[in-house]
Every structure is written in C-alpha cells, then in structure tokens.
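Undergrad: Below you will find the structure I want to go over with you.
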Amino acid sequence: MNKHFPRLDKFSIFKKITNIKEPMPIIKSAKKRQKTARKATVRNFKTKRRLKTAIKNLTKSTTLKNFSVVQSNIDKAAKKHIIHKNKAARLKRKTAQNAKKLGLKIDQKKKKASPSKKAK
C-alpha cells in the first residue's frame, strides 16, 4: 500500500508505475528529479483516469452536466500537456457528436459583441 496515494492502490497500472525498480542515482539533484518525475507521473495518471471515467459516465447517462464535465476535463488535460491540443479538439468534437446522436441538445453560447465606447 502506498502511503502517499492510498486511494490509487486499487489500480494495477498505478502499482506498476510506482514500483518501478530504477537504479538509485548518486547525485543529489538527480535524486530530486527522480522524485519529482514520479510525482508528475502519478498526477498525470490521475488526470487521465478522471478523463476516462468522465467519458464513460457520459456514455452511461447523457446529461448536459456530464457533457460539460467531459469538456472541462479534456481542456484541463490539454492545458497540463497530458494530451495533445489536437487530440483534445478531436475528443471534444467526438463527444459532442455522440451526445447529439444520443439526443442531447447542446447550445453553443455566442458571445455578444461588447458595446463600443463613444469618444466625448
């Protein structure tokens, strides 16, 4: 059991990630880098897992709330460079198409043009 992330121990992938036997570096900065890399790997894993479960939840029950959760999770993953921005765009388009097929009405919010300031 991992003392830092006990809830993630149920995932076998997480166990593989954290139990990788790497040679212990001698240099102090390399030790720190290894520690940070492991933390980043866990963080990326959590974000990917969150994205996958959100997509599954959308296919189970198609609601506007689930759709917005999926869209925001895709944006977060792209912002953190966990998935490529083009892949994020493809996923968003694909989820929107699937949601429409399942009968969800998606309203695109159009931004109103801001009123121009008149010079006095």
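Just so it is clear, none of the values below were taken in a lab; they were calculated from the coordinates. Everything numeric in this text was worked out from a predicted model, so none of it was measured. Neighbour counts run over all protein chains shown; Cβ positions are idealised from the backbone, glycine included.
Undergrad: In what sequence, highest mean first, do 42-51, 84-93 appear when ranked by Cβ atoms within 10 angstrom? Intermediate values should be presented prior to the final figure.
TA: Details: 42-51: 16.1, 84-93: 13.3.
Taking the mean over residues of other Cβ atoms within 10 Å, the ranking is 42-51, 84-93.
Undergrad: Also, quick follow-up: May I ask for the net charge around P23, where only other residues with Cβ less than 15 Å from the Cβ of P23 are counted and Lys, Arg are +1 while Asp, Glu are -1?
TA: Numbers: positive: K21, K31, R33, K35, R38; negative: E22.
Net of charged neighbours comes to +4.
Undergrad: In whole Hz, with x marking every Gly and Pro, tabulate ³J(HN,Hα) for segment 34-49 from phi via Karplus 6.51 cos²θ - 1.76 cosθ + 1.60, θ = phi - 60°.
TA: 5, 5, 5, 4, 5, 5, 5, 4, 5, 4, 5, 4, 4, 5, 5, 5
Undergrad: Let me ask something else about it. Applying 1/(1 + (r/R0)^6) with R0 = 41 Å to the Cβ-Cβ distance of I27 and R90, what FRET efficiency is obtained, to the nearest 0.05?
TA: For R0 = 41 Å, the calculated efficiency reads 0.50.
Undergrad: Next up: Compute the distance in nm between two label points, each set 7 Å from the Cα along the Cα-to-Cβ direction, one at R50 and one at D107.
TA: Label at R50, label at D107, 2.8 nm between them.
Undergrad: Could you give me the ³J(HN,Hα) list for segment 53-69, computed from phi with Karplus coefficients 6.51, -1.76, 1.60 and θ = phi - 60°, whole Hz, x at Gly and Pro?
TA: 5, 5, 5, 5, 5, 5, 6, 6, 10, 7, 10, 5, 5, 4, 5, 5, 5
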